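Have a look at the structure below before the remarks.
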Protein chains: 2
Amino acid sequence: MQDLKSDKVESPASLTGLPSYLMMRITHAYKQSLHEKLKPIGLNMISTRIVVSLKMFQEMTVSELCVHAIAEQPTMSRALDKLEGDGIVERRVSEEDHRARAVRLTEKGAGYVEKILPGMLGLNEKLMQDVPEADRVVFMRTLLKVLENADGRD
Amino acid sequence: MQDLKSDKVESPASLTGLPSYLMMRITHAYKQSLHEKLKPIGLNMISTRIVVSLKMFQEMTVSELCVHAIAEQPTMSRALDKLEGDGIVERRVSEEDHRARAVRLTEKGAGYVEKILPGMLGLNEKLMQDVPEADRVVFMRTLLKVLENADGRD
């Protein structure tokens, strides 16, 4: 068996030379840690992403939620039905565009954010532990650029 | 509706200030693009990760594959059964540890790697497009550190 810590294979034939590989490993581990933290709160992963996205953007259409809370439309609609039934979100006519329907957090929903956010921010701080401030700046700026590239059409 | 491109909410209350959010958006878009490229090849996502991991490490135990090809043991075992049935991988006694069983690519499996790898490397290059070389160095180094942090126990 090879020593998996060493990097004997030349890049780009090395997995650790692939940004996609590293980011998939990181997000997989992050989701597992977050799942543990969410258990006592009783929200699943997509509900958590919806609730946090709504906290940050206040009011969103379903299409916007699909992008930011990362789900396809049918999954998103089912998740929103459940959250609406539980009194965590409400759908109503948008304040800015009266033809559009917007999703907002209820007061109860805002209470969930208060429970979720500290754990989520804590996990993110753990991810960045011991990364020097100068590297953090480059890292975050590059992630934004990479997201732009990832979203761009071929 | 808020302008979603602007970043009116103060960090860390901003999604784009959360490394986990950016990486999840990126990996989601990457997986969708890769899925498109894999369609004509006829391998699903986990099979692709297994095949590419084996190409890079040559010989791996099932536990090692779970880490690097990112799946839990039952899912991994089912995927390996399928790949073995299709003549893409073979399981045999490890050359380095005669008590262990190791997974390797067959010649047919190595042929699949040749079809997959160019698309995968191309997508990774697209992710990093227009990122200056100096930033790439910091980005890759930071991803490795973040993965180490993500894998660390609380």
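The values are calculated or read from the model by the stated rules, or taken from the named source; none is laboratory data. As the structure is a prediction and not an experimental result, all values here were calculated from the model. As a convention, Cβ positions derive from the backbone with ideal geometry for all residues, glycine included, and neighbour counts pool all protein chains shown. What goes into the accessible areas is simple: the full protein's heavy atoms, side chains included, and nothing from ligands, DNA or RNA. Shrake-Rupley method; radii C 1.70, N 1.55, O 1.52, S 1.80 Å.
All but one of (1) crowded, with 21+ Cβ neighbours inside 10 Å; (2) without any contact (Cβ under 8 Å) to a residue 60 or more places away in the chain; (3) under 23 Å from B:TYR30 (Cβ atoms) hold for A:TYR30; which doesn't?
(2)
Considering only segment B:126-147, I want to know if a residue exists there that is under 20 Å from B:VAL51 (Cβ atoms) and facing another protein chain (nearest Cβ under 7 Å).
Scanning segment B:126-147, I find no residue that is under 20 Å from B:VAL51 (Cβ atoms) and facing another protein chain (nearest Cβ under 7 Å), so the answer is no.
Being of a type in the set (A, V, I, L, M, F, W, C) and within 17 Å of B:HIS98 (Cα to Cα) is the filter here; which residues of segment B:45-64 pass it?
Hits for segment B:45-64 are B:MET60, B:VAL62.
Filtering segment B:103-128 down to residues that are within 20 Å of the chain's Cα centre (by Cα) and closer than 15 Å to B:GLU59 by Cβ, which residue is most open to solvent (accessible area, probe 1.4 Å)?
For segment B:103-128, the residue satisfying everything is B:ARG104.
Go over the candidates A:MET76, A:MET56 one by one and state the one that is touching a residue at least 24 places away in the same chain (Cβ under 8 Å) and out of contact with any Gly (no Cβ under 7 Å at 6 or more places or on another chain).
From the options A:MET76, A:MET56, the qualifying one is A:MET76.
Taking segment B:82-102 as the search range and keeping residues that are within 12 Å of chain A (Cβ to nearest Cβ) and open to solvent by less than 70 Å² (accessible area, probe 1.4 Å), which one is farthest from B:PRO40 (Cα to Cα)?
Filtering first and then ranking leaves B:ASP97.
Conditions: (1) within 30 Å of A:SER33 (Cβ to Cβ); (2) in a loop (DSSP other than H, G, I, E, B). B:LEU147 meets all but one. Number of the miss?
That leaves (2) as the condition not met.
Looking at segment B:59-72, which of its residues are touching a residue at least 12 places away in the same chain (Cβ under 8 Å) and open to solvent by 10 Å² or more (accessible area, probe 1.4 Å)?
Selection gives B:GLU59, B:THR61, B:VAL62, B:HIS68, B:ILE70, B:ALA71.
If a residue has to be touching a residue at least 24 places away in the same chain (Cβ under 8 Å) and aromatic (Phe, Trp, Tyr) to count, how many in segment B:104-154 make the cut?
Qualifying residue count for the region: 1.
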